[in-house]
């Protein structure tokens, strides 16, 4: 028996079993909507969707934002042509608020320079989530900096190079570093509004001073000019004073024929003034004032301001002619957070929006409510009991077939270990277990029992002309096992790679693949060693 505990395959199984038990004990298991309930969002779109293709596009984008892996148990469905219902297995108020902010965004990303669009989210073909490329959060002397590297399409990179060419000027000379440059700034927006902005002069004056002072956490550099921000936002501004009258404003009357929406600070103007704006044909969008954040920054959808560098503008090394300029397709967006958690959240939210794409139509409003579980804890207990009964029946059938108690015990132990390791993995990555996940686990365990039967049959065969070496017999069994595992992987992999937004189907595929990998590399080899030892077929 001692030699078993010296076998690395047995030790590997025991190690993962121990780690999984610890993970489940300390982290617990998270369950999906079916078992624990969650939150339902009613998303009201600004305009009706025109055709089934647009409806499918919106559902796919929102599904990817909520959960591209299918492991978080989300449901996104259309209700008519102007409402989307999204359900998530989450009730924590902080997480629910974060999800609501993600759903509210149309997700239209744009980078501008001197009032012109340099590139948009459609030009981004890949987000690098590799620390080697710079992705992640770094601790700096002045705070927590997050970095999001990405790649532009060939057309987008050429446009970027052309528009940024020589957008730096020589500002002076430093003995240590050589020439110093003063470069133009790129402004990054999410959901830059196609609207007029109306704001009181006192708020304008306050915002002007706040922008000049800067705000590191909100990614506003010192010296930001309010006029430069509005130029790059391409948003017309109308200022009001105490004697302001909507109907007497020639500017607003002129803009009413060009713009459908007007943005105003919330709870600042009277109801009568807002009604006058409606009378002019404007749809009024109220944006709340936030402490320490310039209102105009929020109203324009501004997210970052980043200066160009002398190398990106082909100033260092100097390139005289645009046709000889170096094209930069790999760029980085940088920003800061108030702490590491805030920085990670900002990084994650931006990556989600860029990866999922922008909605064809903006979001008017979102309502939410808590939903109760369809099945509940009692059903989960019933499922667990049925699983134990199924395991008992499987063990009984195997005993009737083999009549070898010393073979049945390692079979049952291996099945138990496989389930625990899969649940430990689920606990570690905070995977919401739903019916699809449980189905995937059952499928993986079923495959495991099949593989154990293949190994056992090979070890118990008694034909005279058959190779009596247990090592060779197990090798033959594993050839069959690896072939079957490869078939499962090949079948499920396309669902994961190309099934973005398929939700539960992707979750089932990932569950099955995890189970197959755990079986092939951890539990099956250990069972093979146990079976060889207990059946006395040699080493």
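Condition (residue is crowded, with 16+ Cβ neighbours inside 10 Å, outside the structural domain of residue 155 (by TED's automatic domain parsing) and within 30 Å of residue 284 (Cα to Cα)) applied to region 364-372: is it met by at least one residue?
Scanning region 364-372, I find at least one residue that is crowded, with 16+ Cβ neighbours inside 10 Å, outside the structural domain of residue 155 (by TED's automatic domain parsing) and within 30 Å of residue 284 (Cα to Cα), so the answer is yes.
Of the residues that make up region 336-347, is at least one closer than 24 Å to residue 182 by Cβ and out of contact with any helix residue (DSSP H, G or I) (no Cβ under 6 Å at 6 or more places or on another chain)? Before the answer, list the steps.
Kept after step one, since they are closer than 24 Å to residue 182 by Cβ, are these residues of region 336-347: 336.
Within this subset, residues satisfying the condition of being out of contact with any helix residue (DSSP H, G or I) (no Cβ under 6 Å at 6 or more places or on another chain) are 336.
There is at least one residue in region 336-347 that is closer than 24 Å to residue 182 by Cβ and out of contact with any helix residue (DSSP H, G or I) (no Cβ under 6 Å at 6 or more places or on another chain).
Given the structure, is residue 63 in the same structural domain as residue 507 (by TED's automatic domain parsing), touching a residue at least 24 places away in the same chain (Cβ under 8 Å) and crowded, with 19+ Cβ neighbours inside 10 Å? Full working, then the answer.
Working: in the same structural domain as residue 507 (by TED's automatic domain parsing): no; touching a residue at least 24 places away in the same chain (Cβ under 8 Å): yes; crowded, with 19+ Cβ neighbours inside 10 Å: yes.
Here the answer is no, as residue 63 does not meet what is asked.
For region 218-262, give me each residue that is assigned to a loop (DSSP other than H, G, I, E, B), surrounded by 13 or more Cβ atoms within 10 Å (Cβ to Cβ) and either more than 35 Å from the chain's Cα centre (by Cα) or not assigned by TED's automatic domain parsing to the domain that holds residue 334 (or both). It would help to see each step written out before you state the result.
The first filter runs over region 218-262 and keeps only residues assigned to a loop (DSSP other than H, G, I, E, B), leaving 218-219, 221-225, 234-236, 241-245, 249, 256-260.
Checking which are surrounded by 13 or more Cβ atoms within 10 Å (Cβ to Cβ) leaves us with 218-219, 221, 224, 234-236, 244, 249, 256, 259.
Result: 244, 249, 256, 259.
Here are some residues: 144, 173. Which one is buried (at least 16 other Cβ atoms within 10 Å of the Cβ), in a strand (DSSP E or B) and either more than 27 Å from the chain's Cα centre (by Cα) or in the same structural domain as residue 309 (by TED's automatic domain parsing) (or both)?
Selected residue: 144, the only one of 144, 173 that is buried (at least 16 other Cβ atoms within 10 Å of the Cβ), in a strand (DSSP E or B) and either more than 27 Å from the chain's Cα centre (by Cα) or in the same structural domain as residue 309 (by TED's automatic domain parsing) (or both).
Sort through 147, 192 and tell me the only one that's farther than 30 Å from residue 280 by Cα and in contact with a strand residue (DSSP E or B) (Cβ under 6 Å, 6 or more places away or on another chain). Reasoning before the result, please.
Working: 192 fails: farther than 30 Å from residue 280 by Cα.
Checking each option against the conditions leaves just 147.
Looking at region 285-293, is at least one residue in contact with a helix residue (DSSP H, G or I) (Cβ under 7 Å, 6 or more places away or on another chain) and either buried (at least 20 other Cβ atoms within 10 Å of the Cβ) or farther than 30 Å from residue 202 by Cα (or both)? Don't jump to the end; show me each part of the working.
Filtering region 285-293 down to residues in contact with a helix residue (DSSP H, G or I) (Cβ under 7 Å, 6 or more places away or on another chain) leaves 287, 289-290.
Still in the running and either buried (at least 20 other Cβ atoms within 10 Å of the Cβ) or farther than 30 Å from residue 202 by Cα (or both): none.
No, there is no match, as no residue in region 285-293 is in contact with a helix residue (DSSP H, G or I) (Cβ under 7 Å, 6 or more places away or on another chain) and either buried (at least 20 other Cβ atoms within 10 Å of the Cβ) or farther than 30 Å from residue 202 by Cα (or both).
Return only the number of the condition from (1) in contact with a strand residue (DSSP E or B) (Cβ under 6 Å, 6 or more places away or on another chain); (2) modelled with pLDDT of 90 or more; (3) surrounded by 14 or more Cβ atoms within 10 Å (Cβ to Cβ) that residue 300 does not satisfy.
Result: residue 300 passes all but (1).
Here is a check on your reading of the model: is residue 188 crowded, with 20+ Cβ neighbours inside 10 Å, in the same structural domain as residue 300 (by TED's automatic domain parsing) and either in a strand (DSSP E or B) or more than 35 Å from the chain's Cα centre (by Cα) (or both)?
Numbers: crowded, with 20+ Cβ neighbours inside 10 Å: yes; in the same structural domain as residue 300 (by TED's automatic domain parsing): yes; either in a strand (DSSP E or B) or more than 35 Å from the chain's Cα centre (by Cα) (or both): yes.
It is true that residue 188 is crowded, with 20+ Cβ neighbours inside 10 Å, in the same structural domain as residue 300 (by TED's automatic domain parsing) and either in a strand (DSSP E or B) or more than 35 Å from the chain's Cα centre (by Cα) (or both).
So how many residues does region 89-126 have that are crowded, with 18+ Cβ neighbours inside 10 Å, more than 23 Å from residue 54 (Cβ to Cβ) and within 16 Å of the chain's Cα centre (by Cα)?
2
Identify the residue in region 263-284 that is over 25 Å from residue 186 (Cα atoms) and touching a helix residue (DSSP H, G or I) at 6+ places or on another chain (Cβ under 7 Å) and, among all such residues, is surrounded by the most Cβ atoms within 10 Å (Cβ to Cβ).
Keep residues of region 263-284 that are over 25 Å from residue 186 (Cα atoms), which gives 264-284.
Next, only the ones that are touching a helix residue (DSSP H, G or I) at 6+ places or on another chain (Cβ under 7 Å) stay: 265, 273, 276-277, 280, 284.
Working: 265: 19, 273: 17, 276: 18, 277: 21, 280: 15, 284: 16.
Top of the filtered list is 277.
Restricting the search to region 14-48, which residues are within 30 Å of residue 85 (Cβ to Cβ), touching a helix residue (DSSP H, G or I) at 6+ places or on another chain (Cβ under 7 Å) and surrounded by fewer than 21 Cβ atoms within 10 Å (Cβ to Cβ)?
Correct list: 28, 29.
Need at least 2 residues that are within 30 Å of residue 140 (Cβ to Cβ) per element, so show me which strands (runs of 3 or more DSSP E) inside region 270-361 make the cut, counting only ones lying wholly within it.
Hits in region 270-361: 302-307, 330-337.
Mind listing just one residue for me: the one in region 329-358 that is touching a residue at least 24 places away in the same chain (Cβ under 8 Å) and out of contact with any strand residue (DSSP E or B) (no Cβ under 8 Å at 6 or more places or on another chain) and, of those, surrounded by the most Cβ atoms within 10 Å (Cβ to Cβ)? Before the answer, list the steps.
Of all residues in region 329-358, those touching a residue at least 24 places away in the same chain (Cβ under 8 Å) come to 329-340, 342-347, 349-358.
With out of contact with any strand residue (DSSP E or B) (no Cβ under 8 Å at 6 or more places or on another chain) added as a condition, the list becomes 349, 352, 356-357.
Details: 349: 16, 352: 17, 356: 22, 357: 18.
Out of the qualifying residues, it is 356.
The values are calculated or read from the model by the stated rules, or taken from the named source; none is laboratory data. Keep in mind the model is a prediction, meaning the values are calculated, not measured. As a convention, Cβ positions derive from the backbone with ideal geometry for all residues, glycine included, and neighbour counts pool all protein chains shown.
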